[in-house]
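Structure first, commentary second.
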Amino acid sequence: MSKTAAEAPDTAATWSGEDVAPGDVEAALRSLLQEQYARDDAHAPARVLNLVVVIDRDWRGEIMNRLEQVGRYHASRTIVCAVDRRRTTIDASVVMTVDGDAGSDDLALMRERVVLEVGENHLAALDTIVDPLVVTDLQTMVWSPHGHAEAVDALLHLAQVVLIDSINEPDPVGAIRRAKELAQEAYVVDLAWLRSTPWRERVAATFDPPRFRDELMRIDSVTVRHHPESRVTGVLFFGWLASRLGWGAGTLTEANGAARGRAQGHRDDVSLALEPNTEQQVPGLTGVEIGTSSGTTISLDRGPGGLVASRRDKKGKEQSWTVLGASRGEGGILGEGIRQALLRDPTYANALDCGEALLR
């Protein structure tokens, strides 16, 4: 076993070790915290959230870059488990940094990042490795963007929140089934769901004025266009509408690369269509169009700088405007996913149930 300790200049400190045990890493964390506090007692460790990330070692750089883009929603302590199937021992490193520039009289938060190099043989018992490293009495979120369901299952008794991206599952049926399975053990935050947040907020705002409320009960068609790998986001959007408006169960059937079906509306059936857009480069939705039996049409389309919204009333009068800043990018969506660990969204579970009903 070899261990090294090094202190970076200014406000960062590091430690690394080869062929280590979890107790060695835990001791290094305590030591670095003590050293950092002795250097400047205005630096206090952030104590809000543990984030455990399980990734393939070959994609470590990409995921670390995504974590750097989450803005102010960095977890207090991030534990990255980089999986290399050939590895039989554990190597580890710890980096402790201070937010912003702090003078001697300025309070600043320290954040800790632990990187564990592990093998596939460690995954079934990953909880025994991670348990000594999480800050007790804080919420713990688990995220495994490259699969490794065995590792997630092992960590469930330590975690209160699981971060998933349902578009990573091979099909919407499997994605919804896995989300509901995890929801029995922890609170689930789904990036596929969060990508539709600006669209859901905009649709809700469009029907919010009292003069448009009656049109909600007259909706008779909904078309959703999406990235080819984001069909589940469209299904969840339908599930959200169905759960909020009290639609009865319907069905979606795949045909020629698209999916079409009907739901039971209050007055008439609602025609549903999911259409992939092969030109879209980023995950999520491309456009939404909602029609009513009175002839009103509401549409939202992805555009430069935000969503392009339009409304055509039953007399044919059209209005169009841009919702600026609606797109947050993948970094912003991941940051929102981490923030959601401390919140609770009651609409997701209902949308999940209604989405599952559409796929039966």
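Going by what's in this entry, would A263 be described as surrounded by 16 or more Cβ atoms within 10 Å (Cβ to Cβ), closer than 22 Å to W321 by Cβ and not basic (K, R)? When the stated conditions are applied, A263 does not pass them. Cβ-Cβ distances below 6 Å connect the following pairs, each with a first residue in region 345-360 that is under 12 Å from W247 (Cα atoms), a second residue that is part of a helix (DSSP H, G or I) and among the aliphatic types (A, V, I, L, M), and a separation of six or more residues or different chains: A351/L236; C354/A242; G355/I176; G355/V235; G355/L236. Of the conditions (1) surrounded by fewer than 16 Cβ atoms within 10 Å (Cβ to Cβ); (2) within 22 Å of V323 (Cβ to Cβ), A258 clears all except one; give me its number. Going through (1) surrounded by fewer than 16 Cβ atoms within 10 Å (Cβ to Cβ); (2) within 22 Å of V323 (Cβ to Cβ) one by one, A258 breaks only (2).
Looking for something closer than 25 Å to R57 by Cβ, open to solvent by 10 Å² or more (accessible area, probe 1.4 Å) and not in a helix (DSSP H, G or I) - is there at least one such residue anywhere in region 194-217? No, there is no match, as no residue in region 194-217 is closer than 25 Å to R57 by Cβ, open to solvent by 10 Å² or more (accessible area, probe 1.4 Å) and not in a helix (DSSP H, G or I).
Taking region 168-185 as the search range and keeping residues that are among the hydrophobic types (A, V, I, L, M, F, W, C) and open to solvent by 10 Å² or more (accessible area, probe 1.4 Å), which one is farthest from the chain's Cα centre (by Cα)? So, considering only residues that are among the hydrophobic types (A, V, I, L, M, F, W, C) and open to solvent by 10 Å² or more (accessible area, probe 1.4 Å), the one farthest from the chain's Cα centre (by Cα) is V173.
Looking across region 147-167 at every residue that is in a loop (DSSP other than H, G, I, E, B) and touching an Asp or Glu at 6+ places or on another chain (Cβ under 9 Å), the one that is surrounded by the fewest Cβ atoms within 10 Å (Cβ to Cβ) is identified as H157.
The values are calculated or read from the model by the stated rules, or taken from the named source; none is laboratory data. This structure is a prediction, so every number in the text was calculated from the model and none was measured. Cβ: placed from backbone, ideal geometry, glycine included. Neighbour counts: every protein chain shown. Areas reflect the complete protein model, heavy atoms only, side chains present, ligands, DNA and RNA absent. Shrake-Rupley method; radii C 1.70, N 1.55, O 1.52, S 1.80 Å.
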